[in-house]
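Okay, structure first, notes after.
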Amino acid sequence: MSDDPEISLRQTSDDKLADEWALVLLAQGLSPRVRRRPDGAVLSVPEDQVERARAVLSAYESENPKKKRAETLEPTQTAGSLVGSAVAGILILLFFIITDISNSTISWFERGSADAQKILNGEFWRTVTALTLHADVVHALSNAIAVALFLGAVSSVLGIGLGAALMLMAGAGGNLANAFLHGSAHVSVGASTSIFGAVGLLGGVAVVTRGRASSKRRVWLPIAAAFALLAMLGTGGERVDIWAHLLGLLVGGVLGILVALTTPRPPGLAIQWACGGAAAAVLIYCWIIALR
C-alpha cells in the first residue's frame, strides 16, 4: 500500500457497483479503498495512482456501457414508476366511486364481471373489464393499495408502461383460464388477479435472472417466494377466488420468463409509452364493447 494521501474518485449509492470498481482496480495492481457512508460508498486511491485509476475505470466503462447507463437512468425510472403506480391505485378508487354512484342507471357488474359462462360464449372483454370492478369500498381500497405497491415493484424492473401492460395481460389471462377451469356459472370481479399476475411477473423475471447468475442452485427461490405470497395474501376469506389468484400468478410467471428472456433490460421511453397507451386503449375498448 502507498503512503500517499488518498484521493476520492467516485461515489455511488450502489454498494455492489463500488465493490466492482474496486475489483477492477485491484486487478490492475492498484490500491483502491471503499468507504461506506450514510450517503453512499466512496472509492478512493493513493494520490500517485489517481491518473491510472481514472484511465482504468474509463476503459472498463467503455467496454461495459450498459452498467453505466443503467446507473444514470435508475432515478428517473424510479420516479416514473412511483407516479404511475400511484395513479393506477387512484384510478381504481375513482372507478369504484363512478360504478357505485351510477349503479342504478348502468348495470356495470352485469355487463363487465368475469362471468365464466358468458366468457366461454365469446364475451372475452369481460376478462379485462372485471379487473376494474369491486364489490365494496374495502375491496376497492385494498386492491388499489396492492396495485400501487406491486405495479411499482414490476415497474422498477420492467418500466411503467411495459409493467402495466403485462399486469393487465396477466389479469385477463388469469380470468380467461379461470373461466375455462370452472366452465359454468362462476362470476368474479376485482383487480386481485392482476395483482397476483404481478407477483408471477416478478418471480418469472427473477428465475431468469438467477439462472444467468452464478447462484443457479437457488433458481427455485423466486418461485417459492411467489407461492408463499399467494398463500399469505390470496387464500383468506369466504369471497376470495383462490383459483383466479393462482392462475393469474401462473400466467404472470410465464410472461415474466418470456419477457426476461427476450428483453434483458427495460425498453426505452418510446416503447414504455406505447405499451402503457396500448394497455389503456384495450381497457377503454373493452368497456365500450361491454356498455354498447
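If you take just the helices (runs of 4 or more DSSP H) that sit entirely in the stretch 101-149, which of them hold at least 3 residues that are at pLDDT 95 or above?
126-129
Restricting attention to the stretch 96-108, and to residues there that are free of Cβ contacts under 8 Å to residues at least 40 places away in the same chain and of a type in the set (A, V, I, L, M, F, W, C), which single residue is nearest to N143 (Cα to Cα)?
Across the stretch 96-108, the extreme among qualifying residues is I97.
Assuming V24 fulfils every condition listed in (1) within 30 Å of A198 (Cα to Cα); (2) surrounded by 14 or more Cβ atoms within 10 Å (Cβ to Cβ); (3) modelled with pLDDT under 90 apart from one, which condition is it?
(1)
Across the stretch 119-139, which residue is nearest to the chain's Cα centre (by Cα) among those that are charged (D, E, K, R) and crowded, with 18+ Cβ neighbours inside 10 Å?
Checked the stretch 119-139; the qualifying residue nearest to the chain's Cα centre (by Cα) is R126.
Please enumerate the residues belonging to the stretch 1-40 that are in a helix (DSSP H, G or I) and small (G, A, S).
Once the filter is applied, which keeps residues that are in a helix (DSSP H, G or I) and small (G, A, S), the stretch 1-40 yields A18, A22, A27.
For A185, work out the one condition from (1) within 16 Å of A114 (Cβ to Cβ); (2) part of a helix (DSSP H, G or I); (3) among the hydrophobic types (A, V, I, L, M, F, W, C) it doesn't fulfil.
(2)
Given the options G163, G197, G159, name the one that is closer than 19 Å to W243 by Cβ and surrounded by 24 or more Cβ atoms within 10 Å (Cβ to Cβ).
The match here is G197.
Would you check if G159 is in the same structural domain as G248 (by TED's automatic domain parsing) and on the phi > 0 side of the Ramachandran plot?
So G159 fits the description; yes.
Can you tell me which residues in the stretch 109-143 are touching a residue at least 12 places away in the same chain (Cβ under 8 Å), of a type in the set (S, T, N, Q) and more than 20 Å from L91 (Cα to Cα)?
Residue satisfying the conditions is Q117 alone.
The values are calculated or read from the model by the stated rules, or taken from the named source; none is laboratory data. The model shown is predicted, which means the values in this text are computed figures rather than measured ones. Heads up, the Cβs are rebuilt from the backbone with ideal geometry, glycines too, and the neighbour counts pull from every protein chain shown.
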